[in-house]
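A.B. asks: This structure is in structure tokens; I'll ask about it shortly.
The values are calculated or read from the model by the stated rules, or taken from the named source; none is laboratory data. None of these values were measured; they are calculated from a predicted model. Cβ placement follows ideal geometry from the backbone for every residue including glycine, while neighbour counts extend to all protein chains displayed. Only protein heavy atoms, including side chains, enter the accessible area calculation; ligands, DNA and RNA are left aside. Shrake-Rupley method; radii C 1.70, N 1.55, O 1.52, S 1.80 Å.
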Amino acid sequence: MADPSSYRPQPGQVPDSPGVYRFRDEHRRVIYVGKAKSLRQRLANYFQDVAGLHPRTATMVTTAASVEWTVVSTEVEALQLEYSWIKEYDPRFNVKYRDDKSYPSLAVTLNEEYPRVQVMRGPKKKGVRYFGPYAHAWAIRETVDLMLRVFPVRTCSAGVFKRSAQIGRPCLLGYIGKCSAPCVGRVTPEEHRELAEEFCDFMAGRTGAYLSRLEKEMHIAAEDMEYEKAARLRDDIGALRRAMEKNAVVLADATDADLIAVAEDELEAAVQIFHVRGGRVRGQRGWVTDKVEAVDTAGLVEHALQQLYGEEKGESVPKEVLVPALPEDTPALAQWLAERRGSQVSLRIPQRGDKKALMETVHRNAQQSLALHKTRRASDLTTRSRALEEIAEALELDGAPLRIECFDISHLQGDDVVASMVVFEDGLARKSEYRRFQVKGRVGDTQVWHGEGQDDVRSMHEVVSRRFRRYLVEKSKTGEWDPQEGEDGPPEDDGKPKRFAYPPQLVVVDGGQPQVAAAKRALDELGIDDVAVCGLAKRLEEVWLPGEDDPVVLPRTSEGLYLLQRVRDEAHRFAIQYQRSKRGKRLKSGPLDEVPGLGESRRQALVKHFGSVKKLRQATIDQICEVPGIGRKTAETVAAALAGAVPAGPAVNTATGEIIEDENPAPAGASSERGTEQ
């Protein structure tokens, strides 16, 4: 624990101007990012008596080992830089909102020749028009089903669309009138795009004019005694009104606004957002976060605005944002929002009328969300705490293993040997910390073994050694870097989260006594004595400790055993996934893939020019040089590589018995690959 006075800057060093500051820990990781109108005044607040600071602020300043700052010209620039750095460094002491689930949106792919209406989740894509988010995907599908009667836009996937175009027959939706069937040319691309744009206009809230036009057409058709057309228009109007009824009018003045409400206690906060477009609630989403920094309601609102609009532009930012409390830098935030929208944005607290009543509804949703989150977390946290305590007691550890790393080896009869490392923190998987290794058969400059048939014990020793060598490099920041020690290159002192910087309290290996002994030997060779090691054997689910002849047997109902099994199974899954991917790439490769310096474009050019790899193998160097982009040196390399490759035997059609001319034969031996992952 550091003393803040040890790294306190001199009073004259800190400028009295707007800027963004970063606190770093002893490993140079950025742990907190903040902004200020006056850097001098703000930083002075951190370097007072620790006893007088908020407990969370005191924890941050005693964890930090240095502070640095960047001066900017305006408060808006400070806001933008703060958001960028929080996103880049992921500091542990900053409030970060994370969705408790991935909310679906209604998307129209206007970036395609034939726009498609579909349900989408995840990050937004360029050229796609989004509506929502919605609480449930079925709500989107019900709305779309009603609207397809009036706006028969394509909803099928690319594969179905292509297949229908090939056979000249539309899918079922085309036959029942819920798709205009552009796949078979019933409408032109321009007509179909116009339908998609009308669909978007209606979803955006411009409903009155369209319904009035349909009603007028219905009356004209009735007067002209075109009763079937009039009945169809009547049903269309009914379908659109039913779709509109699913989003009740909440603001009578057809307002476009986002309403943000916060419910909080001392430890956590829940944020709820209602997206109102055209006076109707078009979407809802919510976040729950731990209050890891000393922050009030206004600060939570500011963080929520950054999270909500940091990646948005144009109409995704509404004209009006209603909040429960105004942040300290309200003018700067309003200007930042206006720059993202491209026009003025009103940021204010609703005082009376419908907007205040709706804000109370949003706040009630936030309170219910926080209560539900606490109920779920209390149960889960109790179970995880009990599991960690049971592991610590069974393995005689000094404390609960808050960070557990598990290693597993996977190969196919000695080939494509890979390893996985999974990380669990506080009993939960931290997938951003997962790592995978290609086993090389060496540790540092020492060749461990040669040839095929590498065994799990030696592989485990290599992988654990490589992982903790990286940890020592990150820790010491001294000595020369050996690029063969890891896949990730030398560490950079930039404050970003490092790949191997954090040591675990417990290393779990998938296996019994031999694997545990190999992992322990690797740690001993590196001089690491503060990391516990154990192994979990699959056969009887026994826990093995280094140097012990008898295993530790945990009860079958033990939460600790269940957690160790989850960790082991996750490591096995991750290793198998990587091994299969690596093997698949090898089996799909051809003789041209082994030619050094020959990229995908030139490989395709060679095969296209000669028609097949077989004909390319028969070509002379001068003939290969005729291919655009292939020089003589490359042609010689290609010819030498193909001359050394053993051509595969001819393929035979098992139904007819005839020999098939293979355009690009697989490498020899690929078809005879058999085995199971280990």
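A.B. asks: Are any residues in the range 527-541 at pLDDT 85 or above and open to solvent by less than 40 Å² (accessible area, probe 1.4 Å), and if so, which ones?
C.D. replies: I528, V531, A532, V533, C534, G535, L536
A.B. asks: Another question about this same structure. Taking the range 303-341 on its own, how many of its residues are over 23 Å from G279 (Cβ atoms) and in a loop (DSSP other than H, G, I, E, B)?
C.D. replies: Selection size over the range 303-341: 8.
A.B. asks: What number goes with the only condition from (1) modelled with pLDDT under 90; (2) open to solvent by less than 40 Å² (accessible area, probe 1.4 Å) that L545 does not pass?
C.D. replies: The one condition L545 does not meet is (1).
A.B. asks: Suppose we keep only residues that are open to solvent by 40 Å² or more (accessible area, probe 1.4 Å) and more than 28 Å from the chain's Cα centre (by Cα) within the range 401-415. Which one would you say is farthest from V543 (Cα to Cα)?
C.D. replies: Per the stated criteria, the residue is D415.
A.B. asks: Out of the residues in the range 346-395 that are open to solvent by 40 Å² or more (accessible area, probe 1.4 Å) and of a type in the set (A, V, I, L, M, F, W, C), which is modelled with the lowest pLDDT?
C.D. replies: In the first step, residues of the range 346-395 are kept if they are open to solvent by 40 Å² or more (accessible area, probe 1.4 Å); the result is 346, 348-349, 351-354, 356-357, 360-361, 363-365, 367-368, 371-383, 385-386, 389-390, 393.
Now narrow it down to the ones that are of a type in the set (A, V, I, L, M, F, W, C): 349, 357, 371-372, 378, 381.
On the way: I349: 91, A357: 85, A371: 81, L372: 79, A378: 63, L381: 75.
My answer is A378.
A.B. asks: Can you find even one residue in the range 26-41 that is open to solvent by 20 Å² or more (accessible area, probe 1.4 Å), farther than 30 Å from Q284 by Cβ and within 24 Å of the chain's Cα centre (by Cα)?
C.D. replies: Looking through the range 26-41, at least one residue is open to solvent by 20 Å² or more (accessible area, probe 1.4 Å), farther than 30 Å from Q284 by Cβ and within 24 Å of the chain's Cα centre (by Cα).
A.B. asks: Go through the range 582-622 residue by residue and tally those that are modelled with pLDDT of 85 or more and either outside any helix (DSSP H, G or I) or of a type in the set (S, T, Y) (or both).
C.D. replies: Summing the residues that are modelled with pLDDT of 85 or more and either outside any helix (DSSP H, G or I) or of a type in the set (S, T, Y) (or both) in the range 582-622 gives 2.
A.B. asks: Looking at this structure, is T143 among the polar types (S, T, N, Q) and either open to solvent by 50 Å² or more (accessible area, probe 1.4 Å) or modelled with pLDDT of 85 or more (or both)?
C.D. replies: So T143 does not fit the description; no.
A.B. asks: Check D3 against each of (1) over 30 Å from the mean Cα position of the chain (by Cα); (2) surrounded by fewer than 14 Cβ atoms within 10 Å (Cβ to Cβ); (3) at pLDDT 85 or above and name the one condition it does not meet.
C.D. replies: (3)
A.B. asks: Something else: Can G283 be described as part of a strand (DSSP E or B), open to solvent by less than 20 Å² (accessible area, probe 1.4 Å) and either in contact (Cβ under 8 Å) with a residue 12 or more places away in the chain or under 19 Å from V33 (Cβ atoms) (or both)?
C.D. replies: So G283 passes the test.
A.B. asks: Select from the range 121-140 the residues that are closer than 28 Å to Y175 by Cα, at pLDDT below 85 and of a type in the set (A, V, I, L, M, F, W, C) and list them in ascending order.
C.D. replies: Listed by number, the residues that qualify are F131, A137, W138, A139, I140.
A.B. asks: Quickly run through the range 2-36 and pick out the residues that are out of contact with any strand residue (DSSP E or B) (no Cβ under 7 Å at 6 or more places or on another chain) and among the polar types (S, T, N, Q).
C.D. replies: The answer is S5, S6, Q10, Q13.
A.B. asks: Quick check, is G12 without any contact (Cβ under 8 Å) to a residue 60 or more places away in the chain, over 28 Å from the mean Cα position of the chain (by Cα) and within 22 Å of V292 (Cβ to Cβ)?
C.D. replies: no
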